[in-house]
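S.K.: My questions all concern the structure below.
We did not get these values from a lab; they are worked out from the coordinates using the rules stated. In this text the structure is predicted, and so the values were computed from the model without any measurement. Cβ: placed from backbone, ideal geometry, glycine included. Neighbour counts: every protein chain shown.
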Amino acid sequence: MARTRPVADVPRWVRAGAIACLAAQFAWGTMQPPPRAEAEDLSPPPSPGVARLLAVGEPVAAAKVLMLHLQAFDYRKGTNVPYRNLDYDALAAWLELILDLDPAGQYPLMTAARTYAEVPDPVRSRKMLELVYREYFADPNRRWPWLAHAAVVAKHRLKDMPLALRYATALERHTTAPDAPVWVRQMVPFILADMGELEQARILIGGLIASGQVRDARDAKMLERRLQMIEERLAAEATGAAADPASSARHPPATERP
Amino acid sequence: MSILPIARITLLEAARSRLVWLVGLALVASLAVAGFLQQVALIEVREIQGAIIAALLRACAAFFVVLFVVMSMVREANDKFLELALSQPMPRAGYLLGKYLGFAAVAAAVAVALSLPLALFAPVAHVAGWALSLVCELLIMAAVSLFCVLTLSHVLAALTAVAGFYVLARSVAALQIIAATSPDTVALAPRIADWIAQGIALLMPRLDRMTQSAWLADGGPGVADLAGALGQAGIYVALILAAALFDLYRQEL
């Protein structure tokens, strides 16, 4: 290491100049508008081939950086209407590209299901839910949490029971991961019950209990309780229909939540 | 005044080194790439050629200037030229400013030479604006390289520091954007990360705003773009030269 002279040996004009230039740089930096990723700046992504070329052999790292950058577009802290200007078709294409670069990454589908699908715009929300649904089949045992969340969004936020049922059916048929909770594969009868298909729901829950697939005692107890409720509603409907057929048609059964 | 002879020696060194060959090679390579792109692109051929070649030439220009500054200074240090120069009645500031003037002239020449092929793919006025911005960018990089090699003395350390600086200066805006989008608005850690990113951005020149390939296709740089590049280059070069002078005056030779 070379020896250095004390700071006092530096001419005063050099010291003053350095401080003045530093102040000028700070002032210049402060005057510049802060960079912002505006919604209109989000153009369609390149093809997967071009993206892999640009990733120079590091597709996973490129996917992570792209994801962090993507989530900054049209982001406004504390806004009530997030992502209102964002082109959701371009957004979906970017998310698919990121999944293509890093298929094991959970971030794109997490943001699709939990961030972009929860906007107060049903059209945009549905685009994200459909993206989650499409991509779920590529790796059901890793991506089930996001389709399960999509089913919940479809049911409670969009109030679209057929859509929720489609997602729940996919979960039931394709999710075999041992770490997936039992309720993930049991959403179908609950949604059917909410749709008023009580008889089908009763048969499915009864079949589940009888099959012995439900090993957890609490899950089994919950299913039995739900089965009992459905049977009570069926009995009440049967009684009500017999007494006043018009009344039961006017008052559909109350919804249940899984 | 001792500045001009030193600058002249530096220019002579550049003319006699392989830098000219390297620039020529880059020009030939860029034309070859343009020919290749013409064969594979279906539409917007000129735009694709202009954008890709501009990005390549910009990176080449920065690389050549940085390499020349670092190698020149290290060679002089090994040859004890600095000691010899300072044994004459020459202030350290004169030596440093003379070296920088020479490097700046080399940087401007490299920028102009490497901008020439772009005139084949974009209007001359757009290319001229792009070239002026490239000159500003290279002036900054020459000053930073000079500072790093004076401070760190070693080729590897200096080149690594300059490369890190260049990457950071080109990506600091993205860093700021990412740091500002933490979903957690209450926790302290993301706010600190945001402050750090803002602080770094204040200290760095915004190279991402300079010499954009989009200028070649989308109507050229505006007056504000060029004024911003000139202003940033003026302030940043003065800052880095002041820091380099400060360091040079503290060194015990």
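S.K.: Can you pull the three principal axis extents for the Cα set of chain A, in Å, largest first?
M.R.: Computed over chain A, the largest-to-smallest principal extents equal 103, 39, 38 Å.
S.K.: How large is the convex hull of the Cα atoms of region A:148-245 per residue, expressed in Å³ as a whole number?
M.R.: Cα convex hull per residue, to the nearest whole number: 101 Å³.
S.K.: Suppose only helical runs count, i.e. DSSP H with n ≥ 4. What mean residue ellipticity at 222 nm does that imply for chain B under -39500 (n - 2.57) per run, divided by all residues and rounded to the nearest 500 deg cm²/dmol?
M.R.: Using -39500 (n - 2.57) per qualifying helix, the result is -27500 deg cm²/dmol.
S.K.: Separation of region B:196-251 and region B:160-174 by C-alpha centroid, Å?
M.R.: Cα centres, region B:196-251 to region B:160-174: 12 Å.
S.K.: Can you give me the distance in nm between label points at B:V155 and A:E38, each placed 7 Å from the Cα along the Cα-to-Cβ direction?
M.R.: The answer from the label model is 4.7 nm.
S.K.: Also: Between B:L116 and A:L234, what is the label-to-label distance in nm when each label sits 7 Å out along the Cα-to-Cβ direction?
M.R.: Placing both labels 7 Å along Cα→Cβ, they lie 8.8 nm apart.
S.K.: Considering the convex hull of the alpha carbon atoms of region B:3-250, report its projected area averaged over all viewing directions, in nm², one decimal. Please list the in-between numbers first.
M.R.: On the way: hull surface 63.8 nm².
The Cα convex hull of region B:3-250, projected and averaged over all directions, gives 15.9 nm².
S.K.: Still on this structure, I have one more. Please compute the alpha carbon radius of gyration of region B:159-205, then divide it by the globular-protein estimate 2.2 N^0.38 Å. Two decimals is fine. Walk me through the intermediate numbers first.
M.R.: Details: Rg = 12.0 Å, N = 47, 2.2 N^0.38 = 9.5 Å.
That works out to 1.26 for region B:159-205.
S.K.: Given the rule -39500 (n - 2.57) for each run of at least 4 DSSP H residues, summed and divided by the residues of chain A, what is its mean residue ellipticity at 222 nm, to the nearest 500 deg cm²/dmol?
M.R.: Computed ellipticity for chain A at 222 nm equals -19000 deg cm²/dmol.
S.K.: I need the Kirkwood Rh of the protein assembly as shown: take the reciprocal of the average 1/r across all distinct C-alpha pairs and report it in angstrom.
M.R.: On the way: mean 1/r = 0.0359 Å⁻¹.
Computed over the protein assembly as shown, the radius equals 27.9 Å.
S.K.: Report the Stokes-Einstein translational diffusion coefficient (µm² s⁻¹, integer) for region B:1-96, Rh taken as the Kirkwood radius over Cα pairs, at 20 °C with viscosity 1.002 mPa s. List each step's numbers first, then the result.
M.R.: Numbers: Rh = 16.1 Å.
The diffusion coefficient I find is 133 µm²/s.
S.K.: B:L202 to B:A189: extension gain in nm, 0.36 nm per residue of separation minus the Cα-Cα distance?
M.R.: Between B:L202 and B:A189, full extension yields 2.7 nm more.
S.K.: Rounded to the nearest Å, what's the spacing between the alpha carbon centres of region B:79-124 and region A:76-137? Just the number, please.
M.R.: Taking the Cα centre of region A:76-137 as reference, the centre of region B:79-124 is 50 Å away.
S.K.: While we're here: Inside 10 Å of the C-beta atoms of A:10-16, what's the mean count of C-beta atoms belonging to other chains?
M.R.: The mean count of partner-chain Cβ atoms within 10 Å per residue comes to 5.
S.K.: Mind checking B:198-206 for the average number of partner chain beta-carbons within 10 Å of each residue's beta-carbon?
M.R.: 3
S.K.: Another question, if that's okay. If I take every Cα pair under 8 Å that is 6 or more residues apart in chain B, average their sequence separation and divide by the length, what percent do I get for the relative contact order?
M.R.: Relative contact order for chain B comes out at 26 percent.
S.K.: May I pose another question? Taking the Cα-to-Cβ direction at A:A220 and at B:A41 and moving 7 Å from each Cα, how far apart do the two end points lie in nm?
M.R.: 6.9 nm
S.K.: Further question: Output the Cα-based Rg and Dmax of region A:1-128 in Å, rounding Rg to one decimal and Dmax to a whole number.
M.R.: 22.6, 70
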